[in-house]
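**Student:** I'd like to ask some things about the structure below.
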Amino acid sequence: MSGPADYVFYAAAAMTVGAAILVAILPNILYAAVALLFSFAGVAGLYVLLSADFLAATQVLVYVGGILVLLLFAVFLSNRIADAKITNPTHFRLPAAAICLVLFGVLSYVAVSTPFAVKKGVYLPSTADIGELLMTRYLLPFEVASVLLLAALIGAALLSRPDRGAPEKGDMEEGKG
Amino acid sequence: MTLDKLLIIAAALFCCGLYTVMTRRNAVAVLMGVELILNATNINFVAFSFFLSRVMGGQIFAVFVIVLAAAEAAVALAIFLRMFSTTGTVEVDTADQLKG
């Protein structure tokens, strides 16, 4: 791969990493959420370049369309909007930055110095293959994932419903009697 | 585009996510950091699958990671709302009622 695809790769990489750094350092949590959107979009671009077209579409649909909207909901519902101050206090900045920089150095060194047996990547449509594998070889994880999603759905609905107050308790006692 | 460049990008994403998790006190921001970390691992899965193997295992695993991230975000949001209605804040430091 060379030429225009390389420029696209560097653009997607810069968008992903730059937006991720903004997520880490922006003090306003709303701005951080918007930066996270750009980071997710950049990752989708990297998936396209890695011949993962289905995954790129899933990334846009689930992350940008679903998870980010959920996060924005959480931001809006968990801050008193009347305060007009959606701040995001931080702590332990210096030790955390030191740990992360050292870790990044180690990971990069390992990535560069390890001799991987790299083959030439081929570009093939992946959606049909993923669908077939999900229905054959990976059927059990697929079903377990569906049960997990159902459990998460019920759990989230149960957790987020309003407080069960005194009237409901009274009802239950009536039912007992 | 080479494998080590992609691994470095994923490492940068992971470290940004780790920094976010370590420094932020707002639970929603901590969740954002976790999502960044999950994205970094997904990039690694897909990159290794593209450069080192001919089977789709990496992409399938990435699909399952996305499913888990979605479920986690939904449950986390429900917990944050419950925490907000109980304590009036979603700062992780304040959730210490179970501390011995």
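What follows draws every value from the coordinates through simple rules; no lab data is involved. Since we're looking at a predicted model, the values are computed, not measured. Don't worry about glycine lacking a Cβ; one is built from the backbone with ideal geometry, like all the others, and counts go over all protein chains shown.
**Student:** Taking θ as phi - 60°, what are the ³J(HN,Hα) couplings along the range B:74-87 by the Karplus curve (6.51, -1.76, 1.60), each to the nearest whole Hz, with x for Gly and Pro?
**Tutor:** Listing the rounded values in order: 5, 5, 5, 4, 4, 5, 4, 5, 5, 5, 5, 6, 8, 9 Hz.
**Student:** Quick one: if the Förster radius is 30 Å, what FRET efficiency do A:Ala11 and A:Leu153 give, using the C-beta to C-beta distance and rounding to 0.05? Display every interim value, and only then the final one.
**Tutor:** Values: r = 37 Å, r/R0 = 1.24.
Efficiency at R0 = 30 Å is approximately 0.20.
**Student:** Starting from the 7 Å offset along Cα-to-Cβ, what nm value, one decimal, do you get for the label separation of B:Arg54 and B:Thr87?
**Tutor:** Using points 7 Å along Cα→Cβ, the separation is 5.4 nm.
**Student:** Another question, then. For the range B:15-97, what is one quarter of the convex hull surface built on the Cα atoms, given in nm²?
**Tutor:** Details: hull surface 23.6 nm².
With every direction weighted equally, the projected area is 5.9 nm².
**Student:** Right, here's the next one. Counting only other chains, and only Cβ atoms inside 10 Å, what mean value do you get across the residues of A:132-138? Mind dumping the intermediate values first?
**Tutor:** Working: counts 1, 6, 4, 0, 0, 4, 6.
What the average comes to for A:132-138 is 3.
**Student:** When only DSSP loop residues count, what trypsin sites (Lys or Arg not before Pro) in the range B:12-77 have their Cβ near at most 14 other Cβ atoms within 10 Å?
**Tutor:** Numbers: sites: B:Arg24, B:Arg25, B:Arg54; in loops: B:Arg25, B:Arg54.
In loop regions of the range B:12-77 (DSSP not H, G, I, E or B), the sparsely surrounded trypsin sites (Lys or Arg not before Pro) are B:Arg54.
**Student:** Is the shape of the protein assembly as shown best called rounded, prolate or oblate, per the rule: a/c under 1.5 gives rounded, else a/b larger than b/c gives prolate, else oblate, with a ≥ b ≥ c the square roots of the Cα gyration tensor eigenvalues?
**Tutor:** Values: a/c = 2.40, a/b = 1.47, b/c = 1.63.
Judged from the Cα gyration tensor, the protein assembly as shown comes out oblate (a/c at least 1.5, b/c at or above a/b).
**Student:** Within the range A:27-60, what residues put their amide N at less than 20 Å from the label point 7 Å along the Cα-to-Cβ vector of A:Glu132?
**Tutor:** It comes to A:51-56, nothing else.
**Student:** Related question: For A:Arg161 paired with A:Val118, estimate the spin-label separation in nm (one decimal), with each label point 7 Å from Cα along the Cα-to-Cβ line.
**Tutor:** That separation, rounded to one decimal, is 5.4 nm.
**Student:** Please rank A:Thr58, B:Thr94, fewest neighbouring Cβ atoms within 10 Å first, as an exposure proxy.
**Tutor:** Values: A:Thr58 20, B:Thr94 14.
Going from sparsest to densest Cβ surroundings: B:Thr94, A:Thr58.
**Student:** What length, rounded to one decimal in nm, is gained on full extension from A:Phe92 through to A:Ile25, with 0.36 nm per residue of separation minus their alpha-carbon distance?
**Tutor:** Using 0.36 nm per residue and subtracting the Cα-Cα distance, I get 22.8 nm.
**Student:** Quote the FRET efficiency, to the nearest 0.05, computed for B:Thr2 versus B:Ala95 with a Förster distance R0 of 45 Å and r equal to the Cβ-Cβ distance. Walk me through the numbers before you get to the answer.
**Tutor:** On the way: r = 44 Å, r/R0 = 0.97.
Between B:Thr2 and B:Ala95 the formula returns 0.55.
**Student:** Please report, in debye to the nearest 20, how large the charge dipole of the protein assembly as shown is about its Cα centre when each Lys and Arg carries +1 at its beta carbon and each Asp and Glu carries -1 there. Don't skip to the end; give the middle numbers.
**Tutor:** Details: 16 positive and 17 negative charges, 95 e Å.
Magnitude of the dipole: close to 460 debye.
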